[in-house]
């Protein structure tokens, strides 16, 4: 039987409630019931905080750190107030390419690509955009938290898991930047990869949008997507974030439901 996923309750923040903004890509974004069981981990994150926290999930499907900055960030930063938190998770779309019309070969997507190896002072680099988010957040008296990209499910025929090279590159870039600018970091890339291995080659399928034909109305022909999450998977990923938050020195951890 198909379960109906209720829309997240983002609520209206009061002066007494701390707000947690999530900015990122489709792995964290919110989706309607018409696409169930597709669910982003930011969509369910409020379940892991007490009633003093309001989660405002602003993650956008298809966004890279670059495209989000130019298309959505102004609306987010205008809503942020002192004492709020901003969770920053990009990487899945920062390595996007497009096809050159002249040569019909892959070239960096001008709207989304960022250089994972560039310095934070080099405009167009991944670190440059991370720096923009961090500086603007801190200028508001709010607190940035960087989360490395959640890993994809990549399993060989022999059942061995492997990392995605692009996500490794952007995650390492995020670690370097966080250390340089003294920004708290939750290493979701490492932790999610470990979680998939614990579930195993077969068990990890339920974390992702993988379903047989006829199971879900939204996917009558079935679906095999090893990047995006099921409702179950979104909760598992959000749970990883909450668990890592508890181990950190980030004051927000006192609001995590145990």
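Just to confirm my numbers, what's the Cα centroid distance between the range 46-86 and the range 212-230 in Å? The range 46-86 and the range 212-230 have Cα centres separated by 28 Å. Placing a pseudo-label 7 Å from each Cα along the Cα-to-Cβ vector at residue 253 and residue 206 gives an inter-label distance of 3.0 nm.
Answer rounded, prolate or oblate for the range 165-246, using the Cα gyration tensor with square roots of eigenvalues a ≥ b ≥ c: rounded when a/c is under 1.5, else prolate when a/b is larger than b/c, else oblate. Here the range 165-246 falls in the prolate category. By DSSP, the beta bridges lying fully in the range 18-107 are antiparallel in about 15 percent of cases. Beta bridges assigned by DSSP with both partners in the chain are antiparallel in approximately 35 percent of cases. Below 8 Å between Cα atoms, with a sequence gap of 6+, how large is the relative contact order for the range 135-230 in percent? The value is 27 percent.
From most to least packed by mean Cβ count within 10 Å, the peptides 205-214, 183-192 give 183-192, 205-214.
Peptide packing: for 122-133, 74-85, the average count of neighbouring Cβ atoms within 10 Å per residue gives the ranking 122-133, 74-85, highest mean first.
For the chain, the Kirkwood estimate of the hydrodynamic radius, built from every pair of different alpha carbons, is 18.8 Å. Per-peptide packing, taken as the mean over residues of other Cβ atoms within 10 Å, places 195-202, 247-254, 37-44 in the sequence 37-44, 195-202, 247-254 from highest down.
In the range 53-137, the alpha-carbon atoms span a convex hull of 102 Å³ per residue.
Overall, the ratio between the Cα radius of gyration of the range 112-258 and 2.2 N^0.38 Å, rounded to two decimals, is 1.19. Between residue 135 and residue 117, full extension at 0.36 nm per residue minus the direct alpha carbon distance yields a gain of 4.5 nm.
Stretching the chain fully between residue 165 and residue 98 yields a gain of 22.3 nm (0.36 nm per residue, less the alpha carbon separation).
Read the figures in this text as sums done on the coordinates, not as results from a lab. This one's a predicted model, so the numbers in the text were calculated from it and none came from an experiment. Every residue, glycine as well, gets a Cβ built from its backbone with ideal geometry; the counts of neighbours run over all protein chains shown.
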